[in-house]
Amino acid sequence: MRLNQVAALAAALIAPAQALAIGSKANSSVPAHILLVGVAEGLADTTTGAFLIVIRDISNNPIPGEPIEFRLLNCPGARVAVDQRQPGVTSRCATHGILTSTAADGSARFAAVGGGDPAGPHGAGTCAQVYARGAWMGDVRVAYLDLDGSNGLGANDLSIWLSDFGTGEPIGRSDFNGDQALGADDLSVWLDIWAKATSVQSPSAYCP
């Protein structure tokens, strides 16, 4: 058998196995906590908000080209930007989802661009889900820097945070450091990002 025939046969045998690879929740990695971020100069604030998801199969092998959805459908106080402002990352408004796919090493690194809804519930917390080709990979806590969802980070967002802090409750939207409590460290995170002006703009449009 010629060498090129052997190569073709091997490819034919390998391709179905790759196509059938299914993400394993036990072997995959999702973040415990993320921040919804804004934009600066028309680009997503990946300096602040980028997070990493890695999808592996049951044999712990990375799965390249795996469709990923980061879904905020169960986060009623959060809004997803229509335009995610980063290459290879799009929004799916029907599920308040953010879509991308894994690289050759099974990883996807991206940010979630969005903001708060001042008329919505103030909970957030563990409300987002990660799906790989439709399979649930885990839940994620969510906080959002732009609490009022307009005019970037500013005094009104700070006022909302102070109001949340004053309740004495661990309100998820304002838990910027992800420790499931509100305190000085969260305020420090917000002030540091505000000073760097990396989320200086709110999205131009949110999913309905």
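See the values below:
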| item | result |
| --- | --- |
| Accessible solvent surface per residue of the chain, calculated while the other protein chains remain in place, 1.4 angstrom probe, Å² | 49 Å² |
| Full-extension gain in nm, S59 to L43, via 0.36 nm per residue minus C-alpha separation | 2.1 nm |
| The chain, helix-only ellipticity at 222 nm - DSSP H runs n ≥ 4, -39,500 (n - 2.57), divided by all residues, nearest 500 | -7000 deg cm²/dmol |
| Linear extension gain, T90 paired with A184, 0.36 nm per residue minus alpha-carbon span | 30.4 nm |
| Cβ-derived FRET efficiency at R0 45 Å, A26 paired with S159, nearest 0.05 | 0.55 |
| Segment 125-185 versus segment 37-88: alpha-carbon centroid distance in Å | 16 Å |
| Cβ-based charge dipole, segment 76-208, positive-most Cα from H122, L147, G97 | G97 |
| Carbon plus sulfur fraction of accessible area for the chain, probe 1.4 Å, in percent | 57 percent |
| At 1.002 mPa s and 20 °C, Stokes diffusion of the chain via Kirkwood alpha-carbon radius, µm² per second | 120 µm²/s |
| Relative contact order, percent, segment 23-77 [alpha-carbon distance under 8 Å, six or more residues apart] | 39 percent |
| Distance between modelled label sites at R133 and A103, nm, 7 Å Cα→Cβ extension | 2.1 nm |
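The values are calculated or read from the model by the stated rules, or taken from the named source; none is laboratory data. Since this is a predicted model, take the numbers as computed values, not measurements. We place every Cβ from the backbone using ideal geometry, glycine too, and count neighbours over all the protein chains shown. The area values use the complete protein model at the heavy-atom level, side chains included, leaving out ligands, DNA and RNA. Shrake-Rupley method; radii C 1.70, N 1.55, O 1.52, S 1.80 Å.
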